[in-house]
Amino acid sequence: MARLVECVPNFSEGRDLKKVEKIVDEIRKIKEVTLLDYSSDSDHNRSVVTIIGEPEKVKEAVINAIKVATDLIDMSSHEGAHPRMGATDVVPFTPVSEITMDECIELAKEVGQAIGEMGIPVYLYEDAASKPERKNLADVRKGQYEAFFDKIKEEGWEPDFGPREMNKKSGATAVGARVTLVAFNVNLDTPDLEIAQAIAKKVRFIGGGLRFVKGIGLKVEERNITQVSMNLVNYEKTRVYQAYEAVKMEARRYGVNVVGTEVIGTVPMKSLIDAAEYYLQIENFDINQILEKRLLDEQNK
């Protein structure tokens, strides 16, 4: 099998789609890299891009895209529901095939150094973290763009790469290495942000909820609803249907209903099969019963 790494850079632009296309075009230029998915959200004012390919080519594509994002996005006037601290907010690398987590960590460091040379402070997180307190992205990003002008000067918060001074236009960037996660949002039929935040607090691990769930409550202005936006950092130990049911159960306390869900970026097939097995009560199901999976296996023989 080929050496493949996945990268999911998040850019703080979800309203000006011409800018988003210019950023994504830099990835399209590298023929050896596959653009799996990209989506923009105007309420979050954020775009999530998923690419896969040979490590060096992915690194080249990501750095080129970040250079364009640095030119196009001005954080000093940025507003959006999603937490953020930089024009290129986060850049996680995930091993897919024939590549180790240690190699992804090294890749994160190389990309982090390149971003730092652009005059942007960089913090390594998750498995690439240089300090235990930087492993959790939420801890790194705490305070967001506005607070980082002071935070970066505090003891222990010097960046891993780049200047120890906040970049007014581009902010700061988190670069990491991690296992595959599922970005899963649950929409609620209430405009009350406090309710969504209360539910997120109960569901996420840090609030006493599910072990491998990170979550926040967000407003979806365009639809006048709210959502619990979650990252399932280990979808095999905390499954998608468990996160969904936990949100639905907590929502009942407030007389609130779930009106839909969404997946951001790509997801492993198994995470959706688990949900199908649970809700359809399929007994003794085998992943090889999926036609497309069998055909793909036959093609790869």
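Laboratory data are not the source of any read-out in this text; all were calculated from the coordinates shown. The structure displayed is predicted, hence computed values, not measured ones. Reconstructed Cβ throughout: ideal geometry from the backbone, glycine too, with neighbour counts over all protein chains shown.
Summary of values
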read-out: Two-decimal log10 I(q)/I(0) for region 139-293, as the Debye equation yields it once each C-alpha is a single scatterer, q = 0.11, 0.15, 0.17, 0.20 Å⁻¹; value: -0.56, -0.91, -1.05, -1.21
read-out: Residues listed by number, region 3-31, amide nitrogen under 16 Å from K301 label point at 7 Å toward C-beta; value: none
read-out: Pairs of Lys in region 182-289 closer than 19 Å at Cα, counting only those 8 or more apart or on different chains; value: 11
read-out: Among V213, V259, V91: highest mean-square fluctuation, GNM of the chain, C-alpha pairs under 10 Å; value: V259
read-out: Over region 129-182, relative contact order from alpha-carbon pairs under 8 Å, at least 6 apart, %; value: 29 percent
read-out: Fully extended contour minus Cα-Cα distance, from V263 to S77, at 0.36 nm per residue; value: 64.2 nm
read-out: Share of alpha-carbon pairs per 20 Å distance bin for the chain, given as whole %; value: 32, 59, 9
read-out: Likely footprinting exposure, T94, T100, T173, T266, fewest C-beta neighbours within 10 Å first; value: T100, T266, T94, T173
read-out: Cross-link partners of K57 among lysines (Cα-Cα below 20 Å; sequence separation of 8 or more within a chain); value: K22, K29, K31, K67, K109
read-out: Sites excluded, chymotrypsin sites (Phe, Trp or Tyr not before Pro) in DSSP loops with at most 16 other C-beta within 10 Å, longest stretch of the chain; value: 1-253
read-out: Normalised contact order of the chain, rounded percent, pairs of Cα under 8 Å and 6 or more residues apart; value: 16 percent
read-out: Contour minus Cα-Cα distance for E117 and S39 (0.36 nm per residue); value: 25.3 nm
read-out: Length added when fully stretched, I290-E154, from 0.36 nm per residue minus Cα-Cα; value: 43.6 nm
read-out: Selection of trypsin sites (Lys or Arg not before Pro), region 163-223, meeting DSSP coil and at most 11 other Cβ within 10 Å; value: R164, K168, R211
